[in-house]
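Below: the structure, in structure tokens.
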Amino acid sequence: MALWEVWPRNADLTRTEDPVTGWDQLTLVERDSLPHTWTITAPTAEATAFLGGGGCILDRDGQQIVSGRLTGATGDLVTATLTFEGDKARYWDRLAWPVPTHALTSTPSNFGAAYDTRSGARETVLLAYLAANLGATALTSRRMTDVTLPASLGRGGSTQISARMDILGDLVTKLAENGGLILDLAHDESTGTPRLLATVTARTDRSADVVFGDPHSALATSFVSNLRWSIQRPEYTDAVLFAAGDQSARTAALFQDADAIADWAMHREGLVDYSISSNTTEITERATTALADAAPPVQVTFDADQNGDLTYRVDYQLGDALGFELPGGLDALILDNCLREATTTVTAAQAEQVRLTIGTPGAGATGTQSARILRAALRRITNLERTR
């Protein structure tokens, strides 16, 4: 049985001398694009160790799994429930300013440029946006001095993008997703001084070697149980993108999701307002992101056998492409076979339970109809606010 340890972390990223003891339950949700989240139920006397801007580090058998900040706590005189979000959430603490070097004060001023336009490899572009808005080249007042960014390896294919008060986390993670990359930010102690180290990794295709199925599957190397699935129709399949221009002179283009059209036997149009540019590379990037956001949410969730030949975090990782041989034609549901989410539940004196989710990025968090409607509305409002 694996040993999980909960280490409180101070605001300066240093660990406390001892891990928390007496906690009852830990539920960890790891996501490949969005920040990880977790809850811990522990004695109220232990909860004070996390307050004052602190957080925690979760270790499993001496290996760090996740790290992050406290976001809230509730409890009584005896027991407290603590909620945390992974350090990657730092990216959502910043906006992508049109001129990141222009200092704002309470005295109104102009940025001097409408957009921060960057082009090149997606990895290079996303790291440049991070550096300009929270890294070493950011304004001192906006700089996160405990964050270290890596050098770009030039991966992810070429693109061009114009930023204007985009939410930085959304901007860089979508660039990573479109380039087949995974962006993270994690606690690092390798230099002796704790820091937050950004990482960019390429997705790994393990579908030939890691195959999930039922006991009757001929190809399965790991078995599934308690499988649940859900799918909803796409928000739209045809993105009508309005680019720069005015009235009859406005540039327009059509982009389609061929898979969604074939699977649902329908064409459903949606308007993507992108008035800031008519650059072909740039509008293609925005249309690709828009179609991904509008794609039919697919969620296939199952319990993974942790006592068999293959084990999560050892033989396959979050974000890996996996193989499937499922009964009843369920394989046809899995249009995206990347491991998007893993939920680990640890209860004192019991073996951990691991539940895996395959499907559309964020489907577990935004798959309900009401959540999708709200998400679409917020996207449109944000786009209007940015382009004015």
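The values are calculated or read from the model by the stated rules, or taken from the named source; none is laboratory data. Here the structure is a predicted model, which is why all the values come from computation and not from measurement. Note that we place each Cβ from the backbone using ideal geometry, even for glycine, and neighbour counts take in every protein chain shown. Ligands, DNA and RNA are excluded from the accessible area calculation, which covers all protein heavy atoms including side chains. Shrake-Rupley method; radii C 1.70, N 1.55, O 1.52, S 1.80 Å.
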Condition broken by Phe212, with the remaining ones in (1) open to solvent by 20 Å² or more (accessible area, probe 1.4 Å); (2) in contact (Cβ under 8 Å) with a residue 12 or more places away in the chain satisfied:
(1)
Restricting to the range 91-100, what's the tally of residues that are of a type in the set (Val, Ile, Thr) and not in a loop (DSSP other than H, G, I, E, B)?
0
Among (1) open to solvent by less than 50 Å² (accessible area, probe 1.4 Å); (2) at positive phi, where does Ile65 come up short?
(2)
Can you spot a residue in the range 179-186 that is farther than 29 Å from Gly54 by Cβ and surrounded by fewer than 20 Cβ atoms within 10 Å (Cβ to Cβ)?
yes
In the list Ile57, Ile40, which residue meets the criterion of being in contact with a strand residue (DSSP E or B) (Cβ under 6 Å, 6 or more places away or on another chain), touching a residue at least 60 places away in the same chain (Cβ under 8 Å) and of a type in the set (A, V, I, L, M)?
Ile57
Would you mention how many residues in the range 1-26 are among the acidic types (Asp, Glu) and touching a Leu at 6+ places or on another chain (Cβ under 9 Å)?
1
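A quick yes/no check of all residues on (1) buried (at least 16 other Cβ atoms within 10 Å of the Cβ); (2) under 20 Å from Arg313 (Cβ atoms); (3) more than 20 Å from the chain's Cα centre (by Cα):
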position: Trp7; (1), (2), (3): yes, yes, yes
position: Val20; (1), (2), (3): yes, no, yes
position: Gly53; (1), (2), (3): no, no, yes
position: Leu58; (1), (2), (3): yes, yes, no
position: Ala73; (1), (2), (3): yes, no, yes
position: Phe84; (1), (2), (3): yes, yes, no
position: Trp97; (1), (2), (3): yes, no, yes
Residues located in the range 149-178, provided they are farther than 22 Å from Thr101 by Cβ and among the hydroxyl-bearing types (Ser, Thr, Tyr)
Ser158, Thr159, Thr173
Of all residues in the range 314-332 being surrounded by fewer than 20 Cβ atoms within 10 Å (Cβ to Cβ) and more than 17 Å from Arg203 (Cβ to Cβ), the one that is modelled with the highest pLDDT:
Val314
Hey, can you tell me all the residues within the range 138-177 that are open to solvent by 60 Å² or more (accessible area, probe 1.4 Å), under 24 Å from Arg69 (Cβ atoms), touching a residue at least 24 places away in the same chain (Cβ under 8 Å) and among the hydroxyl-bearing types (Ser, Thr, Tyr)?
Ser141
Count, please, the residues in the range 227-251 that happen to be under 13 Å from Arg286 (Cβ atoms) and out of contact with any Ser or Thr (no Cβ under 8 Å at 6 or more places or on another chain).
3
